[in-house]
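The values are calculated or read from the model by the stated rules, or taken from the named source; none is laboratory data. None of the values given here were measured: they were computed from a predicted structure. Quick reminder, even Gly has a Cβ in these numbers, built from the backbone with ideal geometry, and neighbours come from all protein chains shown.
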Amino acid sequence: MQDQMDEVEEVKSSPMSNPNMTPKSPFVSRFMATPLASPMKKAMTSMRGYLEEVGHLTKLDPQDAWLPITESRNGNALYSAFHTLSSGIGIPALLLPLSFATLGWAWGIICLSVAFMWQLYTLWLLIQLHESESGVRYSRYLRLSMAAFGEKLGKILALFPIMYLSGGTCVTLIMIGGGTMKIFFQIVCGETCRHVSSPSTIEWYLVFTGTAILLAQLPNLNSIAGISLIGAITAVSYCTLIWVVSVTKDRPNGVSYKPLETKSDAATVFGVLNALGITIFAFRGHNLVLEIQGTMPSNSQRPSRLPMWKGVKFAYLIIALCLFPLAIGGYWAYGNFIPSSGGMLDALNKYHGYDTSKFVLGLTSMLVVVNCLSSFQIYAMPVFDNLEFRFTSSMNKPCPRWLRSGIRIFFGCVAFFISVALPFLPSLAGLIGGVAVPITLAYPCFMWILIKKPCKCSTIFNWALGALGIVLSILIITGAIWNIVTIGIEVHFFKPLNK
């Protein structure tokens, strides 16, 4: 009996009886230590890496290969930097000194710094959420929202803000770009324009829209990387040029830095909320970050989040170097005299139009126009992608070239019509833009909790940050409604303002 027990123990301890144990041959061990085994070891290492790679393949939707955002996946860190800069700096940044006129020096700088860090953190969250643990890539903000909140609730929360941030921005770009084209024409033409019938504002809108539609014929998001580079260069250039000229010139007489006086405590509170809204609206592009990241290749060895975050860090370093001098220098130069409509651009023409060369004024206007044309392309791309998605889903085939061109011409015409029919739309930017604030400040925090399920401290922090973003959105909307009720807006259809 004892001999049988010893035999059983011997069998159990045998390498063949344990599948997790591999028997080691003295010959194999000695052979693998020789130089002859070096190629074999390299081949085994490569095969093991390949098998690991296959085990972590990214799950791609075949339909993505037909759509303009994900049609090409050869993007890199440079492309992400170009796209982020082009979409992240815009005309709203020129209004930053206006927020300082209400908040003052200290609170203006504090709020601008907090807003910058807050939106940079939520941008990082979105980049990390782009690829799930299962390998699915969320290359559109709406799809990530649906994955986190559920299909129905995700659409309700994100669809309208995303469409406004895309289509509404394109409409605004037509107004700003077309109006600035007219200013550029008047600067270049000079005295001759008084004796020549210059094109109307609507005609300049049409010129801008036609040019934008022509550039929009490029097939996909990666193909407009060069245009985004031009947009980034022009945005940095006009922001820098405006604040440098404003600081180097003499300040207007009687400039003051005292906070604007209000008639009541309620007016003070809503003025502060409006200033916070201006600060937050200066940072944009969160609705595009997943789309930009979707143009990059990804695998287990080098996931797309690495080059994307590298490009974003570089882009936001440049953005900080533009926005902070623009806000601080602009407030120092104009104080409470900063115009409430056009911000720094109008202030430059109003206070320094007589002592600044036409070349500088014309160059500034031209840079703004080129930047608007470039930004139009990247902000319109999600709209193009969504319209083509409807076709490919129903027909199960990619859009033919003629239909893709037709879709882009159609969208350009619709945007032009809205810009002409509703010229007061920028006056509602605070109201409608307040609805889109959660896209930047709140939803990424909630989606991080629901998808990643982090530790308790991270969960509490992100819940608090997300809730604060929702509250801030409600307060900004309330402040915008109060401004509309007390100050009013000039509603006029099909009558764009003639500057």
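Scanning segment 67-84 for residues that are of a type in the set (S, T, N, Q) and assigned to a loop (DSSP other than H, G, I, E, B) turns up THR70, SER72, ASN74, ASN76. Selection of segment 392-402 for residues being touching a helix residue (DSSP H, G or I) at 6+ places or on another chain (Cβ under 7 Å) and either hydrophobic (A, V, I, L, M, F, W, C) or outside any helix (DSSP H, G or I) (or both) yields PRO398, CYS399. Identify the single condition in (1) under 30 Å from THR240 (Cα atoms); (2) modelled with pLDDT under 90; (3) not charged (D, E, K, R) that GLY55 does not satisfy, given that it satisfies every other one. For GLY55, the exception is condition (1). The test for being buried (at least 22 other Cβ atoms within 10 Å of the Cβ) and either in contact with a Phe, Trp or Tyr (Cβ under 7 Å, 6 or more places away or on another chain) or among the acidic types (Asp, Glu) (or both) holds for ASP385.
Yes/no matrix, rows are residues, columns are (1) aromatic (Phe, Trp, Tyr); (2) out of contact with any Leu (no Cβ under 7 Å at 6 or more places or on another chain); (3) assigned to a helix (DSSP H, G or I); (4) under 18 Å from SER87 (Cα atoms):
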| site | (1), (2), (3), (4) |
| --- | --- |
| LEU321 | no, yes, yes, yes |
| ILE328 | no, yes, yes, no |
| ALA347 | no, yes, yes, no |
| PHE359 | yes, yes, yes, no |
| VAL370 | no, yes, yes, yes |
| LEU373 | no, no, yes, yes |
| GLN377 | no, no, yes, yes |
| VAL383 | no, yes, yes, yes |
| ASN386 | no, yes, yes, no |
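Restricting attention to segment 340-355 and to residues that are on the phi < 0 side of the Ramachandran plot and at pLDDT below 85, the residue that is surrounded by the most Cβ atoms within 10 Å (Cβ to Cβ) turns out to be GLY342.
This table checks each residue for (1) touching an Asp or Glu at 6+ places or on another chain (Cβ under 8 Å); (2) of a type in the set (S, T, N, Q); (3) more than 23 Å from GLY329 (Cβ to Cβ).
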| site | (1), (2), (3) |
| --- | --- |
| CYS189 | no, no, yes |
| GLN217 | no, yes, yes |
| LEU221 | yes, no, yes |
| ILE227 | no, no, yes |
| TRP243 | no, no, no |
| PRO259 | no, no, no |
| GLY277 | no, no, no |
| ILE280 | no, no, no |
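Checking each residue in segment 414-434 for being in a helix (DSSP H, G or I) and of a type in the set (Phe, Trp, Tyr) picks out PHE416, PHE417. Restricting attention to segment 138-157 and to residues that are over 24 Å from ILE89 (Cβ atoms) and not in a helix (DSSP H, G or I), the residue that is nearest to the chain's Cα centre (by Cα) turns out to be TYR138. ALA347: among the small types (Gly, Ala, Ser), under 21 Å from PRO259 (Cα atoms) and in contact (Cβ under 8 Å) with a residue 40 or more places away in the chain, yes or no? So ALA347 fits the description; yes.
Residues being under 27 Å from the mean Cα position of the chain (by Cα), within 22 Å of TRP332 (Cα to Cα) and in contact (Cβ under 8 Å) with a residue 60 or more places away in the chain are entirely absent from segment 284-304.
Conditions tested, residue by residue: (1) over 24 Å from the mean Cα position of the chain (by Cα); (2) over 18 Å from GLN119 (Cβ atoms); (3) in contact (Cβ under 8 Å) with a residue 24 or more places away in the chain.
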{"residue": "THR356", "(1), (2), (3)": "yes, yes, yes"}
{"residue": "ASN371", "(1), (2), (3)": "no, yes, yes"}
{"residue": "ASP385", "(1), (2), (3)": "no, yes, yes"}
{"residue": "ILE418", "(1), (2), (3)": "no, yes, yes"}
{"residue": "GLY433", "(1), (2), (3)": "no, no, yes"}
{"residue": "CYS445", "(1), (2), (3)": "no, no, yes"}
{"residue": "TRP448", "(1), (2), (3)": "no, no, yes"}
{"residue": "GLY466", "(1), (2), (3)": "no, no, yes"}
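Filtering segment 335-345 to residues that are under 29 Å from the mean Cα position of the chain (by Cα) and assigned to a helix (DSSP H, G or I) leaves MET344, LEU345.
Just one of the listed residues (GLY177, GLY135) is in contact (Cβ under 8 Å) with a residue 24 or more places away in the chain, closer than 14 Å to CYS372 by Cα and either within 23 Å of the chain's Cα centre (by Cα) or surrounded by fewer than 19 Cβ atoms within 10 Å (Cβ to Cβ) (or both), and it is GLY177. Within segment 294-310, can one find any residue that is among the polar types (S, T, N, Q) and in a helix (DSSP H, G or I)? For segment 294-310, residues among the polar types (S, T, N, Q) and in a helix (DSSP H, G or I): absent.
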